[in-house]
Amino acid sequence: MAGTSPATTAGIALRYNPHGLIMKTHAMKYVVELGIACFVLSLLATSTPAQDVPGIEICTRESRLDRRTSCLQSNVEFLQQVMTRNALDAQQKLSAASREIAVLKEQLAAASRDAAALKDALAAMEAKIDQLLKAAPQPTPDARPQGK
């Protein structure tokens, strides 16, 4: 085992170094390099068509008047789309806030009704307590408490 005799494990040639450690041959290195090369070539080989990404363009770089005009026109169209989208978003948020305010107003009215009912119940209980206290005999100071 101490020599450099090759052995195969799962189709990969192995080689023993003088210290007895198993080292894979350069096959793994070549596979990785080949994979990277294929990836880079696939990125270079794919042709992506020119896309007109919406956004603000710098139109002063155009020297021809027709191209500068179309550039400005596309900027205006983009800004109009952004304004329309923002107006719709703001309207949706405003509508949602209005609905939430209406729900909160209803909850507040219900809570106010409950509080008024509780105040009325408390006043009725206090009146009943006062009646019971007036109807009960008053203890005299010489009366002894019952007990042991």
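The values are calculated or read from the model by the stated rules, or taken from the named source; none is laboratory data. Values in this document were obtained by computation on a predicted structure and should not be read as measured data. A quick note on method: Cβ atoms are made from the backbone with ideal geometry, for glycine too, and the neighbour counts reach across all protein chains shown.
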Odd one out for LEU65 among (1) surrounded by 10 or more Cβ atoms within 10 Å (Cβ to Cβ); (2) modelled with pLDDT of 65 or more = (1)
Tabulated pairs, the stretch 53-66, first part of a loop (DSSP other than H, G, I, E, B), second modelled with pLDDT under 85, C-beta under 7 angstrom, 6+ apart or interchain = none
